[in-house]
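Visitor: Sharing a structure below in structure tokens format, with a few things to ask.
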Amino acid sequence: MGLLRRFIKVGETDLAVAELGLYGVRPDLEGMGIGHSVSALFPTLQELGVPFAFGTIRHAMRSHVERYARAGM
């Protein structure tokens, strides 16, 4: 999974956020799920000090990612 640090404007403030993407699974890690990938990036997100991260996925992955997101970090 890749991570891109971006700034978005909220009112007059530039806010640092992280965009998660380029999701792929190595064959030896199949079955560990997207949760494993996001959890592995969590220390980096904390180090960057971003208040939240976002990402885009194809529609077929929507339910899978929603289940993970409801569980929280």
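Visitor: Just to check your reading of the model, which residue among Gly31, Gly35 is on the phi > 0 side of the Ramachandran plot and either in a helix (DSSP H, G or I) or modelled with pLDDT of 70 or more (or both)?
Guide: Values: Gly35 fails: on the phi > 0 side of the Ramachandran plot.
From the options Gly31, Gly35, the qualifying one is Gly31.
Visitor: Has region 14-25 got any residue that is modelled with pLDDT of 70 or more, surrounded by 12 or more Cβ atoms within 10 Å (Cβ to Cβ), in a loop (DSSP other than H, G, I, E, B) and among the β-branched types (Val, Ile, Thr)?
Guide: Within region 14-25 (the criterion being modelled with pLDDT of 70 or more, surrounded by 12 or more Cβ atoms within 10 Å (Cβ to Cβ), in a loop (DSSP other than H, G, I, E, B) and among the β-branched types (Val, Ile, Thr)), the answer is no, since none of the residues qualifies.
The values are calculated or read from the model by the stated rules, or taken from the named source; none is laboratory data. These numbers were taken from a predicted model, which means no experiment stands behind them. Quick reminder, even Gly has a Cβ in these numbers, built from the backbone with ideal geometry, and neighbours come from all protein chains shown.
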